[in-house]
1. Give the residue that is modelled with the lowest pLDDT, with candidates limited to residues of the range A:58-71 that are within 11 Å of ligand 1 (Cβ to nearest atom) and closer than 21 Å to B:Asp60 by Cβ.
2. Looking at the range B:1-21, which of its residues are under 24 Å from B:Asp83 (Cα atoms) and surrounded by 16 or more Cβ atoms within 10 Å (Cβ to Cβ)?
3. Could you identify the single residue in A:His75, A:His120 that is facing chain B (nearest Cβ under 7 Å) and in contact (Cβ under 8 Å) with a residue 40 or more places away in the chain?
4. What is the number of the single condition among (1) within 16 Å of ligand 4 (Cβ to nearest atom); (2) more than 11 Å from chain A (Cβ to nearest Cβ) that B:Ile80 does not meet?
5. Would it be correct to say that B:Asp83 is of a type outside the set (Phe, Trp, Tyr) and touching a Gly at 6+ places or on another chain (Cβ under 8 Å)?
6. For the range A:27-49, which positions are surrounded by 13 or more Cβ atoms within 10 Å (Cβ to Cβ) and near DNA strand D (Cβ under 10 Å from one of its atoms)?
7. Just to be sure I understand the filter: pairs with C-beta atoms under 8 Å, separated by 6 or more residues or on different chains, first member in the range A:52-69 and within 14 Å of another protein chain (Cβ to nearest Cβ) and over 16 Å from A:Ile26 (Cα atoms), second member among the β-branched types (Val, Ile, Thr) and within 16 Å of ligand 2 (Cβ to nearest atom). Which pairs pass?
8. Mind checking whether some residue in the range A:28-45 is closer than 27 Å to A:Arg100 by Cα and away from chain B (no Cβ under 13 Å)?
There are 2 protein chains.
Amino acid sequence: MRYSQQREVILNLIQNTKIHPTADWIYSKAKTHIPKISLGTVYRNLKKLEQDKLIATIYDGNVARYDSNMEKHDHLKCNICGDLIDINKNNIDISKTILRNFNFKVSDIEMTISGTCKKHT
Amino acid sequence: MRYSQQREVILNLIQNTKIHPTADWIYSKAKTHIPKISLGTVYRNLKKLEQDKLIATIYDGNVARYDSNMEKHDHLKCNICGDLIDINKNNIDISKTILRNFNFKVSDIEMTISGTCKKHT
DNA sequence: AAAATAAATAGTAATAATTACTATTTATTT
DNA sequence: AAATAAATAGTAATTATTACTATTTATTTT
Ligand SMILES: [Mn+2]
Ligand SMILES: [Mn+2]
Ligand SMILES: [Zn+2]
Ligand SMILES: [Zn+2]
């Protein structure tokens, strides 16, 4: 993958925030560095960075958010501000542990387990 | 909430399938019963049915799917066909149990824990 | 260093999912 | 049967994302 200033700025933005930003957030921040950058360039590079395993896409409801923490981890999602907070599996024995460790009151745990179903054996 | 034939058809369709259908799937099936039904009506009723806790919305990547199984449960998502398969928490001790019980090979477990973060205490 | 090459970009158009709007219809109450 | 307000059909608007294309630019070759 050939170097481009645009991609470097995009990756840096994602790496320097903990907010798991959306494409639009990245686009508006990137414009302060490269005023002529286009939204298409942002999306194209997000795809490439994901293919290169430099970032991961998290679908948060109906919008994609991007994460540069490539260690396997899960998230706490606040119902009020929508923040996504990184957690590690070993930390999450139960809701009580989360309340203790993160001062976060759990109301729901959603889990999606991906893989290959029996139709493809 | 006042009765409407449209809403009854929509709810019945969701209750009579295990596929966790999308709005479009519901729309096309509903048209065979009520040819003049509009897509807006489908979405409006999906929202109302959710508010009334008759169905739940599952965000599967970037599209919403609808589920009439209102018992707390999680899903296995097949990477190949995209099927969502209901599971219960007690069943999911580990990947091995899932392989045994569902003949489903786990490649990834994603978990989102919702609640209220410390900023709102 | 200049020319050649192919990848990346800007800008715009297209698509898909969802929500909003409004005149008309319909379920329910009076 | 008339009145009322909720629900609908049909369409327009919005949002997120992808596609397209002429131009620019990073890298390689001479
Ligand atoms: Mn994260
Ligand atoms: Mn389900
Ligand atoms: Zn919060
Ligand atoms: Zn499958």
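The values are calculated or read from the model by the stated rules, or taken from the named source; none is laboratory data. Here the structure is a predicted model, which means the values were calculated and not measured. Note that each Cβ is placed from the backbone with ideal geometry, even for glycine, and that neighbours are counted across all protein chains shown.
1. Here the answer is A:Asp60.
2. Matches in the range B:1-21: B:Val9, B:Ile10, B:Leu11, B:Leu13, B:Ile14, B:His20, B:Pro21.
3. A:His75
4. Exception for B:Ile80: condition (2).
5. Answer is no for this residue.
6. A:Tyr27, A:Ser38, A:Leu39, A:Thr41, A:Val42, A:Tyr43, A:Arg44, A:Leu46
7. A:Asn62/B:Val63
8. There is no residue in the range A:28-45 that is closer than 27 Å to A:Arg100 by Cα and away from chain B (no Cβ under 13 Å).
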